[in-house]
Structure formats: C-alpha cells, structure tokens
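> First the structure, then my questions, so here it is.
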Amino acid sequence: MDSRRIELEASHWLARREAGAWSQADASALEQWLARSTAHRVAFLRLAAAWEQGGRLQALGAGIPTGTIPPRGSWSWSGPAASADPPAPAAAATGQSGHDWSQLRFASRPQSHRSHRAAWTGWLAALVLATGVALAWRHQASPAAVPALAYATAIGRIQQIALNDGSRATLGSGSGLTVALRPDERHLELHGGEAFFEVAKDPARPFVVAAANHDVVAVGTRFSVRRNGTALRIVVTEGTVRLQPDPDRSQQPGPTTLLPAGSVATVSDNGNVLVRSLPLAEASRLLDWRQGYLSFRDSTLQAAVEEFNRYNQRPLVIGDAVAGAVRIGGSFHWSNEEAFVRVLERGFPIRAERLPDRVVLHSR
Amino acid sequence: MAGMGSASVGCMQASLDDWFISEILVHEAALSNYLRRCWPQRSELHDLRQEVYVRIYEAAGKTRPTQPRAFLFATARHLMSDRLRRARVVSIEAVGDFDALNVLIDEVSPERWCGGRQTLKRLAESFDRLPDRCRQVIWLRRVEEFSQKEVAMHLGISEKTVEKHTAKGMRLLAGHFHGSTTVAPTAPVREAALPHGQDQDGQQAD
C-alpha cells in the first residue's frame, strides 16, 4: 500500500470539501473514491477527525484583530495564580495594553459552518469549547498582561468552575464570565447572565466582581450577581459584600452599600439601588437554579415566565394581563418547560396555546 | 445488506467512523511508539500503521471488538509477524526480539482526548509546529474562517497554493494531534537529526 500517496490524495479531497464550493457531484466523486478502498476511507477519516478538532483553535483567536496571525508561542498555559508578572495597568478599563476583554467580538462571517452558537455573541461559542484556557498575549511594545480566563455557557446549561485561589463559581444559563486573579486583587467580570460565587478567604486580595457599572466586593462570602444589560441583582447567602459604583464606568456618583447575608439588592438601569433583607432560606431560594430548578412563592406568572425564559430557547409569552397577574408557587425544573406549562393548565386558571416557536399563556 | 434503506446504512457507517475515532485513533501515539520499537525500517512505519487501521476498520465493520485497545495491539503484532514471514530475505535486525513484541503493551499508555484545556494545548502546539506559510493559511482558514479566495488575496498567493497548504496543514495537524509525530525521538537517533518537517516515520512531509 502506498499510504503516503493515499494520505496526500485524502488531504486534497478534504481541503476541497472544506473550501466551500462543494457540489453534489463533488460529494459523489468523494464517496466513489472512499468506496474504492478501505485505505482511502481510513486515511480520510483520520484527517477529518483531526481537522474537526482543529475547530477548537478558534478559541485562540479571541480578541485578535481579523487578519493578524499571532506569532508562535503566543499562548501560555500557566494558571493565573502562578504568574509572577506585575499586574496589568488597568488594561481592562482603558484598553491600552494587554487584553481588553470587554472588546472581545468575532466579526460575523457569512459562510460559517459552525452549527453551535451561544446565545448572544460569536466569541462565546468558541470559548465554550475552551473552558480553562489561559491566554497571555505578549505584545512586543507593552509589558506582559496578567492572563485572564474566560468562561461562557449556552442557554439551558450551567457550569461549575473551580478557581485557582480555592473559590468556586457556578455560571448560570446563557452567561459569560472572565476571571483574572491578580496579585493585588481577584478580578472578575460578568458580561451577562448570572453567576454564584463561593469566595475563599484571602484578606490580602479582595474578590471583585465587576458587572455593568458596579463592582461587588467580597472577602470571604457566598453571593450571586445577575446582570441584564445595566440592571443587576445581587443575592448574598453568607458573609458580607460591598456594592459600589465603578468610578470609571458609571456616569453619576451613587451609594456604596454593605450587603449582609439575606440581602437581595437590585440595581436599576438608572443606577438606583434597592435592598431587601430576607430570611436566609428565602434568599437562598432565588439561587435554586444551581440545583436545576426554579422556586416561586406567591410570584406573578409574569415574573415566573421571565425567569423560565432565561433557561429555555422556546419562550413562554403572557397572552393577557389577567394571566400575567395570576399568583403561582412551587418548584419546577427549569429544563422541563412542558411540565411547567401542564401544571399551569391543571392547577391554575391558565390555558396554553402551543405554537412552534413559543407557548402563549391565556387566562381561562 | 438486503432490505436496508440507504439512510440506515449511512447511520451504521457514521457510527463505525465515530467508534474508530474514539476507540482506535485515540491510541495512535501508543501504537506508533510500539511499531517504532518493534519494526526497525523507519520508511515502512507509515504504511504499517495505516494497514493496521485498515484491518481494524474492516474487522470492526463485521463485529465490533469488545476490547478495542487489546485488539489494536494484537492486530499490529499479527501484521508484523505476517510481514516477516512473507519477506524473501529476512534481515537479521528485522527478526530481533519477539518477546519484545509482547512486553511493551502495558508500558505505553494512550493519551485520551480529555477535551478542553489539554486538547486545545496539543492543538496549539501542533499548530505552532507547522511551517510558516502553511501556518498562516491554516490560521486564516480555520480560525478566521476566511474563504480560500480571501486567504489567497490576503497573502498574495494563488488559490491553488492555498489549497495545497491547507491539505499539507491537515496532514501535519493530524500527525501531531493523533500523536504519531513526536518532537524529540525517545530512542537514540542513529541516523542524522531529522530536518524540520519530517516525522518519525523517516519520510519527508511534502
């Protein structure tokens, strides 16, 4: 068998198939070539398998300008805590040197073959594949930046993350989080969605979660941050966190608030902060999503539906105001939307209209 | 098979391919090391490995082996014995130590695709080992998803050349990713140091 020649042919077939202009006639010709000999089929399969995995390389492209090819060795694999580099000079805020993660975007490409796309931006699709990648982008002109790790989840998925300082994060459905554990500060950024944090005690380094125009600062606690554009919800279940506006990002000065365990703080789009103090059990119920279900106690259907829609691709829609005002209670698996709808139909004055792309809930 | 629609046959094909990738190709590094230690002719290693794969693929198409890894190494042993028997002139080096054929199996451990960080790291290292032009083409095609035409324009080369580099990159990436290509030889190198772009099978990557 001339395996070298066969591999050469197989690689040309694969290159042509991946080039984009691939007709039915081409596909038949390839199938004929594959059928001629098992050696052809196996050689092709082997190349295709590696090429398929090669898609993960897209994770390395995050933040790099289109058409720029990074030099060899641009990637470092040491964990962020192991880095002895000096902290990046406020790179995230000013975007001068190092990696400005807030600018991470993929330009959308018309002929993309990627079949899985995360809910809201192109770069998250690549990062879902690359959980735990540390990138140190070494630029010739600027000092080495602190490596940052980025995590993202698709709708309906949650992810547990162990951080190098001993803290843990649980990333909610359709969420994005960047982690940079610097020597002076453990800095995280919530790009969207919700995340729950169990913070390991480290008095030398505050744990700062930056979300929209605010920072949530903790020393050793458990809390969650939810972000919807510039609106936030913070739930604290252990310890105390400090909620403060970020001077670089927020336009107007706002209050700094201390939130003890049991606090549920909401920050509205215009920066107003409202704090409720709940019994711990009730505050914890707001975080049941981590265990896979949503708990409601005397909630309006409107509010419950908004919650459910964060975890499911097919939205529930309130058909009329009366339906929206119905009060419901109970715990439901957020992954089982149909079961929720059936409970509504049986236990409440609700009639469901099931359409291909949504379910409309009407009052009965 | 009589009576089966083409869709069912397609399904069976796809599952055999998937099985082959996850249960056989995953052991390529171990298999390559094994063959290299047992078969002194470097120039024949590529052929040998591919023939092992062909035998496995055809056998698995009839009956799926319950112990894929053991089956893989057993097939490799049988193939090497067959080749030795068929050779008209048996060179002294080729006969070697038949016991060695059995001893080495437990020693070599497979590198599983654990996914995530490890896989990405291997891929990045494989990617960095590509020759310059090839690396540029692969980056633009695979990461940026430029079309072949866009790559050609961006780099100032012909589309045909882009396709050649893509094909070459696919072969080299497969070698590094599956594990048949290693950076430093584990055994003492008797021949001259391998020039850039050659794999352990002793042949020029074209």
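The values are calculated or read from the model by the stated rules, or taken from the named source; none is laboratory data. A quick note: this is a predicted structure, and the numbers were derived from the prediction, not measured. Using ideal geometry, Cβ is built from the backbone for each residue, glycine included, and neighbour counts are taken over all protein chains shown.
> Being more than 10 Å from every other protein chain (Cβ to nearest Cβ) and either basic (K, R) or outside any helix (DSSP H, G or I) (or both) is the filter; apply it to the stretch B:34-59 and report the residue that is nearest to B:H178 (Cα to Cα).
Per the criteria, the residue is B:R36.
> For B:L101, state whether it is at negative phi, in a helix (DSSP H, G or I), crowded, with 20+ Cβ neighbours inside 10 Å and at pLDDT below 95.
Values: at negative phi: yes; in a helix (DSSP H, G or I): yes; crowded, with 20+ Cβ neighbours inside 10 Å: no; at pLDDT below 95: yes.
It is false that B:L101 is at negative phi, in a helix (DSSP H, G or I), crowded, with 20+ Cβ neighbours inside 10 Å and at pLDDT below 95.
> What are the residues in the stretch A:197-214 that are surrounded by fewer than 22 Cβ atoms within 10 Å (Cβ to Cβ) and either at pLDDT 90 or above or assigned to a strand (DSSP E or B) (or both), if any?
A:E198, A:V208
> Which residue out of A:A25, A:A35, A:A19, A:A29 is buried (at least 16 other Cβ atoms within 10 Å of the Cβ) and either of a type in the set (A, V, I, L, M) or within 7 Å of another protein chain (Cβ to nearest Cβ) (or both)? So that I can check it myself, show each step before the final result.
Numbers: A:A25 fails: buried (at least 16 other Cβ atoms within 10 Å of the Cβ); A:A35 fails: buried (at least 16 other Cβ atoms within 10 Å of the Cβ); A:A29 fails: buried (at least 16 other Cβ atoms within 10 Å of the Cβ).
Just a single option satisfies the conditions, and that option is A:A19.
> Run B:G10 past the list (1) at pLDDT 90 or above; (2) within 13 Å of another protein chain (Cβ to nearest Cβ) and report the number of the one that doesn't hold.
The failed condition is (1).
> Six or more apart or on different chains, Cβ atoms under 9 Å: show the pairs whose first residue is in the stretch B:144-165 and within 11 Å of chain A (Cβ to nearest Cβ) and under 20 Å from A:R56 (Cα atoms) and whose second is of a type in the set (S, T, Y) and buried (at least 18 other Cβ atoms within 10 Å of the Cβ).
B:Q148/B:T166; B:V151/B:T166
> Taking the stretch A:5-16 as the search range and keeping residues that are surrounded by 18 or more Cβ atoms within 10 Å (Cβ to Cβ) and among the charged types (D, E, K, R), which one is modelled with the highest pLDDT?
The selected residue is A:E7.
> Restricting attention to the stretch B:35-65, which residues are over 15 Å from the mean Cα position of the chain (by Cα), surrounded by fewer than 18 Cβ atoms within 10 Å (Cβ to Cβ) and at pLDDT below 90?
Those that are over 15 Å from the mean Cα position of the chain (by Cα), surrounded by fewer than 18 Cβ atoms within 10 Å (Cβ to Cβ) and at pLDDT below 90: B:P40, B:Q41.
> Go through the stretch A:49-74 and count every residue that is closer than 20 Å to B:I21 by Cα and either at pLDDT 95 or above or at the interface with another protein chain (Cβ under 8 Å from one of its Cβ atoms) (or both).
8
> If a residue has to be touching a residue at least 60 places away in the same chain (Cβ under 8 Å) and more than 7 Å from every other protein chain (Cβ to nearest Cβ) to count, how many in the stretch B:166-179 make the cut? It would help to see each step written out before you state the result.
Kept after step one, since they are touching a residue at least 60 places away in the same chain (Cβ under 8 Å), are these residues of the stretch B:166-179: B:178-179.
Of the ones still in play, those that are also more than 7 Å from every other protein chain (Cβ to nearest Cβ) are B:179.
Residues in the stretch B:166-179 being touching a residue at least 60 places away in the same chain (Cβ under 8 Å) and more than 7 Å from every other protein chain (Cβ to nearest Cβ): 1 in total.
> Still on this structure, please answer the following. Quick one: would you say B:E51 is in contact with an Asp or Glu (Cβ under 9 Å, 6 or more places away or on another chain) and of a type in the set (D, E)?
Working: in contact with an Asp or Glu (Cβ under 9 Å, 6 or more places away or on another chain): no; of a type in the set (D, E): yes.
Against the criterion (in contact with an Asp or Glu (Cβ under 9 Å, 6 or more places away or on another chain) and of a type in the set (D, E)), B:E51 does not qualify.
> Would you list the helices (runs of 4 or more DSSP H) that sit entirely within the stretch B:127-206 and hold 2 or more residues that are at pLDDT below 90? Can you show your working first?
Working: elements: B:132-138, B:148-155, B:159-178.
Because the criterion is at least 2 residues that are at pLDDT below 90, the helices (runs of 4 or more DSSP H) in the stretch B:127-206 that meet it are B:159-178.
> Does at least one position in the stretch A:85-92 carry a residue that is surrounded by fewer than 21 Cβ atoms within 10 Å (Cβ to Cβ), assigned to a loop (DSSP other than H, G, I, E, B), over 25 Å from the mean Cα position of the chain (by Cα) and modelled with pLDDT of 85 or more?
Looking through the stretch A:85-92, none of the residues is surrounded by fewer than 21 Cβ atoms within 10 Å (Cβ to Cβ), assigned to a loop (DSSP other than H, G, I, E, B), over 25 Å from the mean Cα position of the chain (by Cα) and modelled with pLDDT of 85 or more.
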